[in-house]
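Peer 1: Dropping the structure in here first, questions after.
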Amino acid sequence: METFIYIIIGIVLTAAFTWLIRRQRSLKQRAHLMQEAIRNHDFTFRLPTDGLLPGERAMQQTLNQLGETIRQQVNQNEVESWERLTRVLTHEMMNATAPITSISQSMLSRHDVKGTPLEPGIQAIYDTSRHLSEFVANYRKMSQLEKPVLADMPLRLLLDDVCKAYPDLTWEINIPNDIIVRADAGMLRQVLMNLAKNAVEAGANKMVITKGDGSTDDTQLALYIGNDGLPIPAENRQSLFVPFFTTKRNGSGIGLSLSRRMMIQQGGMLDLAERQISGCRTGFLLTIWSSYIQI
């Protein structure tokens, strides 16, 4: 009997030791995956927390939150860098184009220029410089945003207001009426309008707004905003939020970069969604970090 007990104890200890080794290997592999994700600048990578012991789960949640914090800081630094560059470029370009516009306009009013072969060339110089000045003035928005005025507001009312601006689109909104967010109403409306405008230009007929991955019950609200328009080519995804980048013939390349900056100023973020829901070929994830949700 005593020998049998020793055998049982040995089996239990062996099983426990084997489980412990496998557990440590699993945790080591998880840490390696997180390290590789951060090294490859994939700050959206998340490790599951199911099936972990309380201490392990707390550690895993902390690592996931750390990855998100790094992502926010990287995006913030990127926006600030583009803002500084934009401020310098617009200042220099406006200084260069202003005298050209003024001088060419003055020459067009001279009697010895009107009706001569010089007039078309000077007119072209004037039109080009004026267009460039207007073009640069649009980019000043990147560095002249006012500070957001945050206030509590019903999200659904704002979404319904945006829907009215695009009646030709079919809207599917799966957001409860009692969700309250803390944001700048004007900035948030502008971001949503920009996304709807881009969807229309991509040939979309339908817009879908629903809760996305990342929402919690108290501090975070993630909105998935998708459409059935043309998908964004893989080669353009990395440059999507870079100021001045556009694939449209008449595009300014400011809409998405400006929208992201407006969200960052409110303590949120705007990203391209990695996974699309059924019926959508393009989607964005709009996160309002400084919000609370009433369900």
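The values are calculated or read from the model by the stated rules, or taken from the named source; none is laboratory data. Not measured: the values here are computed from a predicted model. Neighbour counts are summed over all protein chains in view; Cβ atoms, including those assigned to glycine, are modelled from backbone coordinates with ideal geometry. The accessibility values were calculated without ligands, DNA or RNA, using every heavy atom of the protein model including side chains. Shrake-Rupley method; radii C 1.70, N 1.55, O 1.52, S 1.80 Å.
Peer 1: Can you find a residue in segment 90-103 that is out of contact with any His (no Cβ under 6 Å at 6 or more places or on another chain), open to solvent by less than 50 Å² (accessible area, probe 1.4 Å) and over 26 Å from residue 243 (Cβ atoms)?
Peer 2: No, segment 90-103 has no match at all.
Peer 1: In this structure, does residue 101 turn out to be closer than 30 Å to residue 130 by Cα, modelled with pLDDT of 75 or more and in contact with a Lys or Arg (Cβ under 8 Å, 6 or more places away or on another chain)?
Peer 2: yes
Peer 1: Test residue 177 against the stated conditions and say whether it is surrounded by 12 or more Cβ atoms within 10 Å (Cβ to Cβ) and not aliphatic (A, V, I, L, M).
Peer 2: In short, no.
Peer 1: Restricting to segment 123-137, name every residue that is of a type in the set (A, V, I, L, M) and at pLDDT 85 or above.
Peer 2: Once the filter is applied, which keeps residues that are of a type in the set (A, V, I, L, M) and at pLDDT 85 or above, segment 123-137 yields 124, 125.
Okay, residues lined up against (1) more than 19 Å from residue 257 (Cβ to Cβ); (2) open to solvent by less than 60 Å² (accessible area, probe 1.4 Å):
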{"site": "150", "(1), (2)": "yes, no"}
{"site": "158", "(1), (2)": "yes, yes"}
{"site": "190", "(1), (2)": "no, no"}
{"site": "213", "(1), (2)": "yes, no"}
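Peer 1: A further question follows. Those residues that are in a strand (DSSP E or B) and farther than 16 Å from residue 288 by Cα, I need them from segment 148-172; list them, please.
Peer 2: Those that are in a strand (DSSP E or B) and farther than 16 Å from residue 288 by Cα: 170, 171, 172.
Peer 1: Now for a different question. Quick check on segment 1-55: of everything there that is among the acidic types (Asp, Glu) and assigned to a helix (DSSP H, G or I), which residue is modelled with the lowest pLDDT?
Peer 2: Of everything passing the filter in segment 1-55, 2 is modelled with the lowest pLDDT.
Peer 1: Follow-up. For segment 261-291, how many residues meet the condition of being within 14 Å of residue 198 (Cβ to Cβ) and open to solvent by less than 20 Å² (accessible area, probe 1.4 Å)?
Peer 2: Summing the residues that are within 14 Å of residue 198 (Cβ to Cβ) and open to solvent by less than 20 Å² (accessible area, probe 1.4 Å) in segment 261-291 gives 7.
Peer 1: Out of 181, 136, 113, I need the residue that is β-branched (Val, Ile, Thr), out of contact with any strand residue (DSSP E or B) (no Cβ under 6 Å at 6 or more places or on another chain) and under 24 Å from residue 260 (Cβ atoms). Which one?
Peer 2: 136
Peer 1: So which residues in segment 56-70 are touching an Asp or Glu at 6+ places or on another chain (Cβ under 9 Å) and either modelled with pLDDT under 70 or of a type in the set (Val, Ile, Thr) (or both)?
Peer 2: 67 - this is the single residue of segment 56-70 that is touching an Asp or Glu at 6+ places or on another chain (Cβ under 9 Å) and either modelled with pLDDT under 70 or of a type in the set (Val, Ile, Thr) (or both).
Peer 1: Could you look through segment 257-295, keep only residues that are β-branched (Val, Ile, Thr) and either modelled with pLDDT of 90 or more or in a loop (DSSP other than H, G, I, E, B) (or both), and pick out the one that is nearest to residue 243 (Cα to Cα)?
Peer 2: Across segment 257-295, the extreme among qualifying residues is 282.
Peer 1: With respect to residue 240, determine if the residue is of a type outside the set (D, E, K, R) and part of a strand (DSSP E or B).
Peer 2: So residue 240 fails the test.
Peer 1: Just to be sure, is residue 208 open to solvent by less than 50 Å² (accessible area, probe 1.4 Å), over 27 Å from residue 146 (Cβ atoms) and part of a strand (DSSP E or B)?
Peer 2: Considered against the rule, which asks whether it is open to solvent by less than 50 Å² (accessible area, probe 1.4 Å), over 27 Å from residue 146 (Cβ atoms) and part of a strand (DSSP E or B), residue 208 comes out as yes.
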